[in-house]
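Working notes, structure below.
The values are calculated or read from the model by the stated rules, or taken from the named source; none is laboratory data. Computed from a prediction, not measured in an experiment: that's the story for all the values here. Cβ placement follows ideal geometry from the backbone for every residue including glycine, while neighbour counts extend to all protein chains displayed. For the accessible areas, the whole protein counts, side chains as well, though only heavy atoms, and no ligand, DNA or RNA atoms are used. Shrake-Rupley method; radii C 1.70, N 1.55, O 1.52, S 1.80 Å.
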Amino acid sequence: MQPNTVIPAIRNFKELEQALASPQPILFLLEGELIQLQGIADAVRSAGKKLFLHLDMVKGIKDDEASIHYLAKAIKIDGVISTRTSSLLLAKKHRLAAIQRGFLIDSHSVKTIINTAAHVKPDYIELLPSFAHSMVGKIRQETNTEIILGGFVHTREDLPALFGSGAIAVSSSNAALWNV
């Protein structure tokens, strides 16, 4: 992943079209249904982009090996996003990139994110909400893993502080940021 990347976080077909037209090489699919995935994955691949699927939020996908094997071999996604350790471990087993998603709500959540990363060894960690960006350095140092920030990334003016905190990328559902 290139530094200072803004990753389109998409929830519907209109957003998919906008994200495919953007210069961004990676897309996060945050919502949808199993029946839609093949068409979405094909469109993303045809556009020369990579698709990361949020396993916890797409309907029809279970937290089991058969589902992740199907996503890897039949749908051919590039990676997964999940808060679940088991999903991330299965994704890595099936050679998918794994993004560990964590919510920063207190000091205990920081410890949980660090401990989970030590076990899973994800490719990236996505931290939410982005305004907790002051924790990027600590978590990156403890895990030796690149950090993506997400949640409440609304304007271009938000980006310098987020990237300046050490995040390699931010994810945003704001289409105005996808052409940055």
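Quickly run through region 106-141 and pick out the residues that are free of Cβ contacts under 8 Å to residues at least 40 places away in the same chain and charged (D, E, K, R).
Scanning region 106-141 gives Asp106, Lys111, Lys121, Lys138, Arg140.
Any residue at all in region 116-124 that's part of a helix (DSSP H, G or I), among the basic types (Lys, Arg) and open to solvent by 30 Å² or more (accessible area, probe 1.4 Å)?
no
Going through Asp78, Asp64 one at a time, which residue ends up being among the charged types (D, E, K, R) and under 16 Å from the mean Cα position of the chain (by Cα)?
Testing whether each residue is among the charged types (D, E, K, R) and under 16 Å from the mean Cα position of the chain (by Cα) leaves just Asp78.
Hey, among the residues in region 151-180 that are assigned to a helix (DSSP H, G or I) and either in contact (Cβ under 8 Å) with a residue 24 or more places away in the chain or at positive phi (or both), which one's surrounded by the fewest Cβ atoms within 10 Å (Cβ to Cβ)?
Once the filter is applied, the top-ranked residue is Arg156.
crowded, with 18+ Cβ neighbours inside 10 Å, within 21 Å of Pro122 (Cβ to Cβ) and in contact with a Lys or Arg (Cβ under 7 Å, 6 or more places away or on another chain), is that true of Leu88?
It is false that Leu88 is crowded, with 18+ Cβ neighbours inside 10 Å, within 21 Å of Pro122 (Cβ to Cβ) and in contact with a Lys or Arg (Cβ under 7 Å, 6 or more places away or on another chain).
Where residues in region 125-150 are assigned to a helix (DSSP H, G or I) and within 15 Å of Val6 (Cβ to Cβ), which of them is least open to solvent (accessible area, probe 1.4 Å)?
Ser130
Can Asp64 be described as more than 23 Å from Ala169 (Cα to Cα), open to solvent by less than 50 Å² (accessible area, probe 1.4 Å) and of a type outside the set (Ser, Thr, Tyr)?
The answer is yes for Asp64.
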